[in-house]
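Take a look at the structure below.
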Amino acid sequence: MTLTRKVLVTGGAGFIGSAVCRHLVGSGCEVLNLDKLTYAGNLASLRSIDDAPNYRFARVDICDQAAVAEQFEAFQPDHVLHLAAESHVDRSIVGAREFVDTNIVGTFVMLEVARGYWSKLPAARKEGFRFLHVSTDEVYGSLGEDGLFTEETPYDPSSPYSASKAAADHLVSAWVRTYGFPAVISNCSNNYGPYHFPEKLIPLAILNALHGKPLPVYGKGENVRDWLYVEDHARALDLIVQRGRIGEKYNVGGRNERRNIEVVRTICSILDELRPQAAPHERLITFVTDRPGHDHRYAIDASKLETELGWRAEETFETGIRKTVQWYLDNEWWWRPLREKVYAGERLGLLTAAE
């Protein structure tokens with residue numbers, strides 16, 4: 001008889017984490033979601049699996065070593081997917097401490113608790129245990145007009161956010177080399193899709209356009225990002241934690257490079273079609289002062305993941321962005337409380353003289 005795989009997910013109430021939880025529960029895994037429920041954690045994103053018998057949630061701060069250890073001992077996971085992180089570059093510019101605490105100290109705590117738990121497992125379970133640290137392509141810094149980030153690209157982080165994630169990546173690599181800890185790292189490009197907190201470019205543009213508010217575009221909108229549909233990413237992470245080689249990194253990208261201005265114009269075009277009474281939505285585009293240290297271009301080479309593990313993105317940017325816009329139109333119940341009580345679309349990451 002095959003035993004059900006038990007997966008502990010950190011940050012499972014966040015955007016990517018909730019997609020991972022929905023995917024794992026739908027695949028039949030037993031899932032424990034640990035989340036502190038900061039401003040970006042939203043249990044409403046898990047409503048579709050909330051009553052599933054193979055899903056449970058615990059409100060835990062990953063910096064609390066005793067609380068994390070207690071959850072490990074009670075749940076006895078086979079795999080850990082560590083996604084809990086502060087992730088918004090603009091917020092890191094004006095409040096870096098939370099990023100250092102969660103992304104660096106929190107990752108250290110997770111590694112130490114997981115290492116202690118793993119070291120005491122029976123031989124067969126110890127052999128199968130895996131820890132996947134989910135990181136970002138932003139650790140690599142910025143690309144010029146050509147080239148792609150590979151797993152061998154040197155780290156060159158630009159923001160407090162990316163620096164904190166780079167530090168966490170180095171901790172994970174060190175735990176593999178020093179302790180033989182069975183960890184793997186993934187570095188992904190920009191995600192988009194359903195349940196995306198509305199401070200990020202795509203959901204912000206969709207919701208501001210629906211409300212007739214300005215669509216802020218940094219600089220001239222020439223910055224390039226490689227876009228990855230979040231459900232494609234969730235499938236990739238599950239594959240990496242099961243089949244990725246210990247100590248390796250796997251880049252996850254959608255091969256969908258777009259300039260920011262193209263992304264916003266595409267959203268406007270779809271909304272012109274679906275909400276023609278407010279067209280043209282492009283009239284709302286407003287160019288604003290660029291953010292400090294804004295990387296020019298990110299682009300992921302996902303060849304290693306594709307050839308070694310057989311993963312492929314199922315969504316193109318055209319199919320994924322249309323699904324995303326339609327989802328926001330259909331799910332006001334999810335985003336309206338956030339717009340009214342948590343984040344209304346104001347500009348973040350502005351430095352003042354005092355700072």
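Laboratory data are not the source of any read-out in this text; all were calculated from the coordinates shown. All figures in this text were calculated on a predicted structure; none of them were measured in a lab. Backbone-built Cβ (ideal geometry, glycine too); neighbour counts: all protein chains shown.
Overview of values
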| read-out | value |
| --- | --- |
| From the options G244, G254, residue that is of a type outside the set (V, I, T), surrounded by 19 or more Cβ atoms within 10 Å (Cβ to Cβ) and within 16 Å of the chain's Cα centre (by Cα) | G254 |
| Residues of segment 34-92 satisfying the condition of being assigned to a loop (DSSP other than H, G, I, E, B), more than 27 Å from G293 (Cβ to Cβ) and of a type in the set (G, A, S) | S48, A52 |
| Verdict on G254 being on the phi > 0 side of the Ramachandran plot and touching a helix residue (DSSP H, G or I) at 6+ places or on another chain (Cβ under 9 Å) | no |
| Selected residue (only one of E152, E112, E138, E145 is among the charged types (D, E, K, R), part of a loop (DSSP other than H, G, I, E, B) and touching a residue at least 24 places away in the same chain (Cβ under 8 Å)) | E145 |
| Hey, A85 farther than 20 Å from E248 by Cα and touching an Asp or Glu at 6+ places or on another chain (Cβ under 8 Å) or not | no |
| Count - residues of segment 3-31 that are surrounded by fewer than 19 Cβ atoms within 10 Å (Cβ to Cβ) and over 17 Å from R130 (Cβ atoms) | 2 |
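Residues are listed down the side, and each one gets a yes or a no for (1) without any contact (Cβ under 8 Å) to a residue 24 or more places away in the chain; (2) closer than 25 Å to G244 by Cβ; (3) crowded, with 19+ Cβ neighbours inside 10 Å:
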residue	(1), (2), (3)
A40	no, no, yes
I49	no, yes, yes
V60	no, no, yes
A67	yes, no, no
E73	no, no, no
H79	no, yes, yes
